[in-house]
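Student: If you scroll down you'll find the structure; I have some questions about it.
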Amino acid sequence: MTESGKVATVSLEGKTASLPVLSGVLGPDVLDIRKIAADLGVFTFDPGYGETASCESKITFIDGGKGVLLHRGYPISQLAEQATFMEVAHLLLNGELPTRAQNDAFVSTIKSHTLLHEQIRNFFNGFRRDAHPMAILCGTVGALSAFYHEGTDISNAASRELSAMRLIAKLPTIAAWAYKYTQGEAFVYPRNDLNYAENFLSMMFAHPSEPYVVNPVLARAMDRILILHADHEQNASTSTVRLAGSTGANPFACIAAGIAALWGPAHGGANEAVLKMLAEIGSKDNIPDFISKVKDKNSGVRLMGFGHRVYKNFDPRAKIMQATCHEVLSELGIKDDPLLDLAIELEKIAIHDEYFVKRSLYPNVDFYSGIILKAMGIPTSMFTVLFAVARTVGWISQWKEMIEEPGQRIGRPRQLYTGSPQRDFPSYDQRG
Ligand code: CMC
């Protein structure tokens with residue numbers, strides 16, 4: 001960041017604060033308010049942090065108004081079309097796309113960490129068979145810190161690097177096993193002759209009793225889904241990872257915190273919620289009724305897969321997801337998918353409806369991803385898990401960037417207190 005030379009002046013009751021305006025490479029300037037409390041005796045109020053830049057970052061840039069998403073400067077469309085998920089992971093973590101030799105080394109390191117400690121198998125048995133796989137994922141990832149003690153030394157660069165590689169490598173194994181466990185099926189071990197996406201599909205769908213051949217179109221679609229979910233700057237789960245990490249907590253615990261934050265239906269749980277919503281709507285005839293409910297503020301119903309805190313235009317990931325959706329359905333010979341028909345109809349209506357237009361509510365990445373994943377045979381409960389597998393790359397890159405920042409401090413927001421003023425402790429007789 002650079003000082004723009006501009007200064008905003010804020011006055012309050014005779015006191016004046018000069019707030020330097022800082023410039024990034026892209027995007028709006030920001031006001032540096034770090035001295036505002038010292039100069040004016042007030043804090044700033046921004047619930048939901050919609051107007052607050054919580055950190056400086058070189059990883060991802062979003063222009064929500066224009067529908068732009070860049071990773072380390074590269075447009076998401078070019079990455080989704082031309083890169084592999086492993087190249088994107090290298091890019092996010094290290095700042096540059098790998099050379100061929102660097103890519104081979106990166107992939108080989110990831111492959112050398114795909115297995116889980118055999119003792120971790122026992123963790124799965126502690127869960128009920130009907131547990132949500134996100135619960136299993138969250139618990140098991142948190143437990144990794146009990147297995148990799150050296151990963152808790154976050155002051156050591158080599159140890160940070162090793163933890164990052166372990167997390168990226170092991171997440172698909174934990175995720176697939178969480179699914180297998182809920183199905184009562186045998187765990188399938190990682191296969192290092194396959195790439196990241198192929199290996200995930202194999203661990204999800206193979207059985208030890210027979211050979212499994214990965215469909216290349218589906219593997220490419222899976223790789224693209226992983227790329228599209230890899231990072232999204234300071235969203236709720238990433239901010240959670242940074243906040244947890246700012247205390248010096250180990251990376252496994254921080255990623256478990258990110259998984260917990262991702263689970264909610266307003267965030268990563270939305271792709272699961274989209275499919276539930278489509279199933280509830282049932283048929284095109286019910287769309288008008290459903291849209292009326294969405295517009296009625298008292299109903300509490302939202303059009304899932306629509307709207308975004310940052311994008312006030314088409315989510316660029318949604319466009320790629322829509323194209324991938326058609327590729328997958330055509331490969332699988334699914335000509336008339338009732339859910340897709342319903343989704344397309346809903347999209348058409350919503351894009352032209354005044355309620356959505358006025359509020360700039362466009363389809364987001366989750367609107368189509370659920371349909372693709374369902375067509376691929378991934379159960380609904382695994383949608384957010386897959387999102388977590390992909391986002392682990394972004395989370396750990398953001399965590400690493402934060403830890404390596406000179407002068408990094410604990411994240412500790414302030415508050416506007418509206419509770420009781422100070423009062424004296426009453427005896428039982430004085431209460432009620
Ligand atoms: N359906 C109906 N109305 C909506 C929706 C929606 N999906 N999203 C926002 N609105 C309305 C909202 O009621 C409000 O209207 P009004 O101004 O009349 O009060 C206005 O649009 C602004 O909404 P907001 O809640 O202030 O917006 P936000 O930035 O706080 O919320 C959001 C963003 C993503 C949580 C929200 O759009 C939403 O709940 N969408 C559905 C869930 C979803 O698809 N989430 C996935 C997000 S993309 C993947 C990810 O990043 O995890």
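Student: Would you confirm, using the coordinates I've provided, whether K335 is more than 19 Å from N235 (Cβ to Cβ), assigned to a helix (DSSP H, G or I), open to solvent by 50 Å² or more (accessible area, probe 1.4 Å) and basic (K, R)?
Tutor: Working: more than 19 Å from N235 (Cβ to Cβ): yes; assigned to a helix (DSSP H, G or I): no; open to solvent by 50 Å² or more (accessible area, probe 1.4 Å): yes; basic (K, R): yes.
Here the answer is no, as K335 does not meet what is asked.
Student: Right, another one. How many residues are of a type in the set (A, V, I, L, M), in a loop (DSSP other than H, G, I, E, B) and under 17 Å from V385 (Cα atoms) if we restrict to the stretch 225-274?
Tutor: Of all residues in the stretch 225-274, those of a type in the set (A, V, I, L, M) come to 225-228, 230, 236, 241, 243-244, 249, 253, 255-257, 259-262, 266, 270, 273-274.
Subsequent filtering for residues that are in a loop (DSSP other than H, G, I, E, B) retains 230, 249, 266.
Those still in the list that are under 17 Å from V385 (Cα atoms) too: 230, 266.
Count: 2.
Student: Given the residues Y189, Y181, which is the only one that is of a type outside the set (G, A, S), outside any loop (DSSP other than H, G, I, E, B) and farther than 30 Å from E404 by Cα?
Tutor: Numbers: Y189 fails: outside any loop (DSSP other than H, G, I, E, B).
The match here is Y181.
Student: Still on this structure, please answer the following. Scan the stretch 368-385 and tell me whether some residue there is aromatic (F, W, Y), open to solvent by 10 Å² or more (accessible area, probe 1.4 Å) and farther than 30 Å from R160 by Cα. Before you say what the answer is, go through the steps one by one.
Tutor: Of the stretch 368-385, the ones aromatic (F, W, Y) are 368, 383.
Cutting the leftovers down to open to solvent by 10 Å² or more (accessible area, probe 1.4 Å) gives us none.
No - not one qualifying residue is present in the stretch 368-385.
Student: Kindly indicate which of A236, A253, A186 is within 16 Å of the ligand (Cβ to nearest atom) and open to solvent by 30 Å² or more (accessible area, probe 1.4 Å).
Tutor: On the way: A253 fails: within 16 Å of the ligand (Cβ to nearest atom); A186 fails: within 16 Å of the ligand (Cβ to nearest atom).
Step by step, each of A236, A253, A186 is checked, and only A236 is within 16 Å of the ligand (Cβ to nearest atom) and open to solvent by 30 Å² or more (accessible area, probe 1.4 Å).
Student: Only residues in the stretch 266-281 that are more than 11 Å from T380 (Cβ to Cβ) count as the first member; pair them with residues that are open to solvent by less than 10 Å² (accessible area, probe 1.4 Å) and of a type in the set (S, T, Y), Cβ under 8 angstrom, at least 6 apart or cross-chain, and list the lot.
Tutor: Pairs that qualify, where the first residue is more than 11 Å from T380 (Cβ to Cβ) and the partner is open to solvent by less than 10 Å² (accessible area, probe 1.4 Å) and of a type in the set (S, T, Y), are H267/S237; G268/S237; G268/T384.
Student: Please determine, by comparing only the residues of the stretch 43-90 that are touching a Pro at 6+ places or on another chain (Cβ under 6 Å) and among the hydrophobic types (A, V, I, L, M, F, W, C), which one is nearest to the ligand (Cβ to nearest atom).
Tutor: For the stretch 43-90, the residue satisfying everything is L69.
Student: Oh, and also: Quickly run through the stretch 276-332 and pick out the residues that are within 12 Å of the ligand (Cβ to nearest atom), hydrophobic (A, V, I, L, M, F, W, C), in a helix (DSSP H, G or I) and open to solvent by less than 20 Å² (accessible area, probe 1.4 Å).
Tutor: Result: M277, I291, V294, A318, M321.
Student: Before we move on, is L40 modelled with pLDDT of 95 or more and touching a Leu at 6+ places or on another chain (Cβ under 7 Å)? Give the steps one after another, and end with the answer.
Tutor: On the way: modelled with pLDDT of 95 or more: yes; touching a Leu at 6+ places or on another chain (Cβ under 7 Å): yes.
Here the answer is yes, as L40 does meet what is asked.
Student: Please verify whether the stretch 359-367 includes one or more residues that are over 25 Å from T238 (Cα atoms), among the charged types (D, E, K, R) and either assigned by the TED database to the domain that holds T84 or within 20 Å of the chain's Cα centre (by Cα) (or both).
Tutor: Initially, the stretch 359-367 is screened for residues over 25 Å from T238 (Cα atoms), giving 359.
Remaining after also requiring among the charged types (D, E, K, R): 359.
So of that shortlist, the ones also either assigned by the TED database to the domain that holds T84 or within 20 Å of the chain's Cα centre (by Cα) (or both) come out as 359.
Yes, the stretch 359-367 has at least one match.
Student: Considering only the stretch 84-113, how many residues are open to solvent by less than 10 Å² (accessible area, probe 1.4 Å) and not in a helix (DSSP H, G or I)?
Tutor: 0
Student: Here is a list: S54, S23, S4. Which entry is of a type in the set (S, T, Y), out of contact with any Gly (no Cβ under 7 Å at 6 or more places or on another chain) and open to solvent by 60 Å² or more (accessible area, probe 1.4 Å)? Please lay out each step first, then the result.
Tutor: On the way: S23 fails: open to solvent by 60 Å² or more (accessible area, probe 1.4 Å); S4 fails: open to solvent by 60 Å² or more (accessible area, probe 1.4 Å).
Result: S54 is the single residue among S54, S23, S4 that is of a type in the set (S, T, Y), out of contact with any Gly (no Cβ under 7 Å at 6 or more places or on another chain) and open to solvent by 60 Å² or more (accessible area, probe 1.4 Å).
Student: Continuing with this model, one more query. Collect the residues in the stretch 106-140 that are within 24 Å of E87 (Cβ to Cβ) and in contact (Cβ under 8 Å) with a residue 12 or more places away in the chain, keeping them in residue-number order.
Tutor: Start the filter on the stretch 106-140 by keeping residues that are within 24 Å of E87 (Cβ to Cβ), which leaves 106-115.
Within the stretch 106-140, F106, V107, T109, I110, K111, S112, H113, T114, L115 meet the criteria.
Student: Here is a further query. Picking from F124, F200, which residue would you name as being among the aromatic types (F, W, Y), out of contact with any Cys (no Cβ under 7 Å at 6 or more places or on another chain), more than 20 Å from M376 (Cα to Cα) and outside any loop (DSSP other than H, G, I, E, B)? Full working, then the answer.
Tutor: Numbers: F200 fails: more than 20 Å from M376 (Cα to Cα).
Exactly one residue qualifies, and that residue is F124.
The values are calculated or read from the model by the stated rules, or taken from the named source; none is laboratory data. All of these numbers come straight from a predicted model, not from anything done at the bench. As a convention, Cβ positions derive from the backbone with ideal geometry for all residues, glycine included, and neighbour counts pool all protein chains shown. With ligands, DNA and RNA removed, areas are computed over all heavy atoms of the protein, side chains included. Shrake-Rupley method; radii C 1.70, N 1.55, O 1.52, S 1.80 Å.
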